[in-house]
Amino acid sequence: GSLEGGNGGSGTVIVRYLIGQTQTGTAKASGGNISYHNGKTVHTFTGSGTFQVPAPSGLSSVDYLVVAGGGGGGRDNGGGGGAGGVRYGTGLPVSATTYTITVGGGGHGGIQNVIQGRSGSDTTFSSITSSGGGGGASGTPVAPGGQPGGSGGGAEGEVNPTSVGSGTSGQGNPGGNAGAAPQGAGGGGGGKTSAGGHGGAHPDVGGPGLAGEGGQGYQSSVTGTSRYYGAGGAGGSPWN
């Protein structure tokens, strides 16, 4: 299989508020992909844009889910990329103005000439910033360990199997350790709900050689459809 690490996923911003008297009707603000669910208006941004509140609108606060770009995975028994930070809250005050939304992109995976998995980019809305996920460590050529971020990148199993990236409090978790060097399987990247899983040792020394699983994401139905946000990437291993 390929030695190269996978790229991190892009972030998203979701803004939600009560419609008012009816379940269909005119949105109180503009921007993003607008949908209606269970008496609420939902604005979904999968790329950068603006959330504009006109005057008068009657809109004074919103719920939000702000997800940063995920980190790229490392190459060659490398660590998984950490998930982009996830921040969710209700009752965020808004006023009649235009809010610039920046949706962070995912980091590039480790390849021959880009050794370390790159960290993802931050996502911002109003006063809320979620930090990009940390890139996963690469095995060869030896690169720095898993990088810190919203969730941290996993360690590599060639030299530094415990050098994981840390997560950001309230946004995510650290990456996982790799299997024992040399040739241990990479650790998983951290996720919003749990840390990255640990990689296994090389099968020749009695280990399973299994890559660490990515940390679990945050389950939310903020759009009306249940899905997970901010899951970490799995580590790398040639044996599974």
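The values are calculated or read from the model by the stated rules, or taken from the named source; none is laboratory data. Bear in mind that the values here come from a model prediction, so they are computed numbers and not experimental data. Neighbour counts are summed over all protein chains in view; Cβ atoms, including those assigned to glycine, are modelled from backbone coordinates with ideal geometry. Side chains are part of the model used for accessible areas, which takes the heavy atoms of the whole protein and leaves out ligands, DNA and RNA. Shrake-Rupley method; radii C 1.70, N 1.55, O 1.52, S 1.80 Å.
When restricted to residues that are touching a strand residue (DSSP E or B) at 6+ places or on another chain (Cβ under 9 Å), open to solvent by less than 50 Å² (accessible area, probe 1.4 Å) and not β-branched (Val, Ile, Thr), the range 48-60 contains 3. Here ILE111, ILE115, ILE128, ILE101 are screened, and the one residue that is closer than 18 Å to LYS192 by Cβ and either crowded, with 24+ Cβ neighbours inside 10 Å or not small (Gly, Ala, Ser) (or both) is ILE128.
Applying the condition of being open to solvent by 10 Å² or more (accessible area, probe 1.4 Å) and aliphatic (A, V, I, L, M) to the range 144-169 and asking which residue is farthest from GLY196 (Cα to Cα) yields VAL159. When GLU213 is tested against (1) under 30 Å from THR44 (Cβ atoms); (2) crowded, with 24+ Cβ neighbours inside 10 Å; (3) among the charged types (D, E, K, R), exactly one condition is not met: (2).
Here ALA27 fulfils each of the conditions (1) out of contact with any Asp or Glu (no Cβ under 9 Å at 6 or more places or on another chain); (2) at pLDDT below 95; (3) crowded, with 22+ Cβ neighbours inside 10 Å apart from (3).
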